[in-house]
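The values are calculated or read from the model by the stated rules, or taken from the named source; none is laboratory data. Here the structure is a predicted model, which means the values were calculated and not measured. Every residue, glycine among them, receives a Cβ derived from its backbone with ideal geometry; neighbour counts consider all protein chains shown.
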Amino acid sequence: PQYVMQVSAKDGQLLSSVVRTLATQSPFNDRPMCRICHEGSSQEDLLSPCECTGTLGTIHRSCLEHWLSSSNTSYCELCHFRFAVERKPRPLVEWLRNPGPQHEKRTLFGDMVCFLFITPLATISGWLCLRGAVDHLHFSSRLEAVGLIALTVALFTIYLFWTLVSFRYHCRLYNEWRRTNQRVILLIPKSANAPSNQQSLLGLQSLKRNSKETIV
């Protein structure tokens, strides 16, 4: 029987992966194909970078890099072969455009709007309170001046507390997104590049199978 890997993901996050048997048989099933997208080598050359054989032994480089990035792993979950990869963090601008799930997008957008609206409002309110406190001191109204100064301190304390809490929350989300959405570059030797024609691929897979059978 032939097997394929079925992958499901949402919002760039890996949900599940299932290895299932092909239900139908056709002449196309004998052709090498990518175990993730189930496409052949017409658009991109197929690789055989791990110890898997059969229909699970070939894969597109871009599909494998996307899989390793989504699953946040560096090894094959079937044969546990560890790939040599280079991980590069994605830029902050990309996170601002797409921070993740829908509720995180709404939270980020709402906090940015509140920050842009509250910052000038708090600055103007604090300046007016201090200006009023100075005027009251000139007229010997110390009680009113102290009240305005206390109001200014309370206003800026609340503003700074909200800003700090929101900033730490979004920093935590960004660090988590940055850790799980890195750009993965697969580093493989030239010998792991599978030829594009069918016979060479099948020959490479049979070599793998024979080498594994000779191990006691």
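Report yes if Glu86 is surrounded by 11 or more Cβ atoms within 10 Å (Cβ to Cβ) and either in a strand (DSSP E or B) or of a type in the set (D, E, K, R) (or both), otherwise no.
On the way: surrounded by 11 or more Cβ atoms within 10 Å (Cβ to Cβ): no; either in a strand (DSSP E or B) or of a type in the set (D, E, K, R) (or both): yes.
No; evaluated as a whole, the condition is false for this residue.
So, in region 120-161, how many residues would count as being of a type outside the set (A, V, I, L, M) and in contact (Cβ under 8 Å) with a residue 24 or more places away in the chain?
Adding up the residues that qualify gives 6.
Looking at (1) surrounded by 13 or more Cβ atoms within 10 Å (Cβ to Cβ); (2) at pLDDT 80 or above; (3) closer than 26 Å to Trp177 by Cα, which one does Val93 not meet, given that it meets all the others?
(1)
Specify which of the listed residues (Phe117, Phe139, Phe109) is aromatic (Phe, Trp, Tyr), out of contact with any Gly (no Cβ under 8 Å at 6 or more places or on another chain), within 25 Å of Trp177 (Cβ to Cβ) and in the same structural domain as Leu173 (by TED's automatic domain parsing).
Values: Phe117 fails: within 25 Å of Trp177 (Cβ to Cβ); Phe139 fails: within 25 Å of Trp177 (Cβ to Cβ).
Unique residue meeting the criteria: Phe109.
Yes or no, residue by residue, for (1) assigned to a loop (DSSP other than H, G, I, E, B); (2) charged (D, E, K, R); (3) within 45 Å of the chain's Cα centre (by Cα):
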site	(1), (2), (3)
Val93	no, no, yes
Arg106	no, yes, yes
Ile118	no, no, yes
Leu121	no, no, yes
Ile124	no, no, yes
Ser140	yes, no, no
Ala145	no, no, no
Leu155	no, no, yes
Phe161	no, no, yes
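Taking the residues in region 141-173 that are over 30 Å from Glu104 (Cα atoms) and surrounded by fewer than 13 Cβ atoms within 10 Å (Cβ to Cβ) as candidates, determine which candidate is modelled with the lowest pLDDT. Full working, then the answer.
Narrowing region 141-173 to residues over 30 Å from Glu104 (Cα atoms): 141-153.
With surrounded by fewer than 13 Cβ atoms within 10 Å (Cβ to Cβ) added as a condition, the list becomes 142-143, 150, 153.
Values: Arg142: 79, Leu143: 83, Ala150: 88, Val153: 89.
Top of the filtered list is Arg142.
For region 55-66, give me each residue that is in a helix (DSSP H, G or I) and either at pLDDT 85 or above or surrounded by fewer than 17 Cβ atoms within 10 Å (Cβ to Cβ) (or both).
Quick first cut of region 55-66, residues in a helix (DSSP H, G or I) only: 55-56, 61-66.
Arg61, Ser62, Cys63, Leu64, Glu65, His66 - these are the residues of region 55-66 that are in a helix (DSSP H, G or I) and either at pLDDT 85 or above or surrounded by fewer than 17 Cβ atoms within 10 Å (Cβ to Cβ) (or both).
Being of a type in the set (Ser, Thr, Tyr) and over 26 Å from Lys105 (Cβ atoms) is the filter here, so list the residues in region 174-193 that pass it. Before you say what the answer is, go through the steps one by one.
Taking region 174-193 first, the residues of a type in the set (Ser, Thr, Tyr) are 174, 180, 191.
Correct list: Ser191 only.
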